[in-house]
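Okay, structure first, notes after.
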Amino acid sequence: MKRKNIVGNNIRIIRTEKGITQEALALESGLSQGYINQLENGKRLYTQKSLEMIADALSTPMIRLFHEADVKPENPKKRKKDIADKKHYKKELLSLLNSMPDHIIEHYVTLLKLEKQILKRNQS
């Protein structure tokens, strides 16, 4: 019987929800990227101390790492669809921007930069 990797899957889910890479989580938590990767893939056991460090780095209560309801199997077809949707939106956005006057393009670029700063600040 295959063992569930609840904690590792939850670490991955929370990390990706926050837009954090394994490397960034490793730096923030003081653990190695390899250790984070092995935890997420169920190839390594965790300690209470390492989970405290990860939960702190993710700004999430440690108990959330154990919620079985948070575990969602990764669907490769959905991921491919999400990537395709993103490419479609990029093309559509470029098409729209190409039809706009320069001053409006500058306005939207400024707004996007501000949104990016806000997202980055919220992830910190």
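The values are calculated or read from the model by the stated rules, or taken from the named source; none is laboratory data. All values reported here derive from a predicted model rather than from experimental measurement. Note that we place each Cβ from the backbone using ideal geometry, even for glycine, and neighbour counts take in every protein chain shown.
Here is how the numbers come out for the structure above:
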item	result
Among (1) more than 17 Å from the chain's Cα centre (by Cα); (2) at pLDDT 95 or above, the one test that ILE54 misses	(1)
Matching option when the condition is closer than 21 Å to LYS4 by Cα and surrounded by 13 or more Cβ atoms within 10 Å (Cβ to Cβ), among GLN48, GLN33, GLN22	GLN22
